[in-house]
Amino acid sequence: MPTGYTEIIDKDCTFQEFTIRCARAMMPLVSIREEPLNNGAPKKLKSSSYHKNKIAELINELKDLSVMSVTEAKTATLKEHTRRTKAYLKNITEKATSKHKHERMLEQVYAWQPPTTQHYGLKKLMLEQLTLVMRDDYEQPKPVCATGHTWRNIAVKEAQRQLDYHEGQSRKEEERTAFANKWLAQLRESISVASSAFPKY
């Protein structure tokens with residue numbers, strides 16, 4: 001029975017077409033792996049624009065932060081504090097509900113009598129899982145409202161950290177794309193030479 005890769009052989013595909021189809025499963029062509037197999041492979045791969053777009057956004061954010069007035073910084077910190085406080089209160093409610101559910105389940109597991117000694121391991125696992133979750137359920141600190149100046153300093157450091165990250169990832173993406181394009185070019189040359197040596201049917 002043919003696979004997604006071999007189904008084109010019955011349609012009289014060439015050696016090059018079959019090789020390119022299979023090459024899409026290899027690491028250098030991972031960026032096109034999810035595209036339809038009938039698409040083959042492009043002559044040249046392009047780098048993703050994700051990190052470049054993030055770099056542009058972060059540069060703009062850093063520019064905005066550098067010219068932000070004290071009043072704007074105070075407004076931004078109050079907005080951030082409001083958002084974090086809402087998230088904190090929602091988290092407390094969700095944790096209380098979850099804790100209650102886990103405690104009820106723990107009571108049921110303690111009360112359960114396994115039918116045989118071979119089932120005691122299951123009860124032990126259930127108890128371990130419940131106590132592990134309940135023990136590791138730490139209290140989230142209540143948000144503190146920073147001054148506008150402090151908020152801006154933190155925002156600048158975070159934006160710079162993200163900018164450094166995305167610049168590094170963009171360089172890696174360019175290197176991966178260059179390697180993939182070289183790999184693809186070498187493959188195309190190789191299969192061109194190899195197919196010319198095959199007898200024609």
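The values are calculated or read from the model by the stated rules, or taken from the named source; none is laboratory data. This one's a predicted model, so the numbers in the text were calculated from it and none came from an experiment. Ideal geometry is used to build each Cβ from the backbone, glycine not excepted, and the neighbour counts take in all protein chains shown.
Descriptive notes on the structure:
- Remark: pairs (first residue in the range 140-163, under 15 Å from T75 (Cα atoms); second residue surrounded by 14 or more Cβ atoms within 10 Å (Cβ to Cβ) and of a type in the set (D, E); Cβ separation under 7 Å; 6+ apart in sequence or on different chains) = W151/E80.
- Helices (runs of 4 or more DSSP H) fully within the range 1-112 counting 3 or more residues that are of a type in the set (K, R): 50-66, 70-111
- Scanning the range 68-79 finds one or more residues that are acidic (D, E), within 30 Å of K157 (Cβ to Cβ) and out of contact with any Ser or Thr (no Cβ under 6 Å at 6 or more places or on another chain).
- Residue match in the range 95-102 (condition: within 30 Å of Q16 (Cα to Cα), surrounded by 14 or more Cβ atoms within 10 Å (Cβ to Cβ) and within 33 Å of the chain's Cα centre (by Cα)): no
- The range 34-46 residues that are in the same structural domain as T14 (by TED's automatic domain parsing) and on the phi > 0 side of the Ramachandran plot, paired with ones that are exposed (fewer than 10 other Cβ atoms within 10 Å of the Cβ) and in a helix (DSSP H, G or I) (beta carbon under 9 Å, 6 or more apart): none
- Pick from the range 57-71, criterion surrounded by 12 or more Cβ atoms within 10 Å (Cβ to Cβ) and of a type in the set (A, V, I, L, M), ranking: farthest from S170 (Cα to Cα): M68
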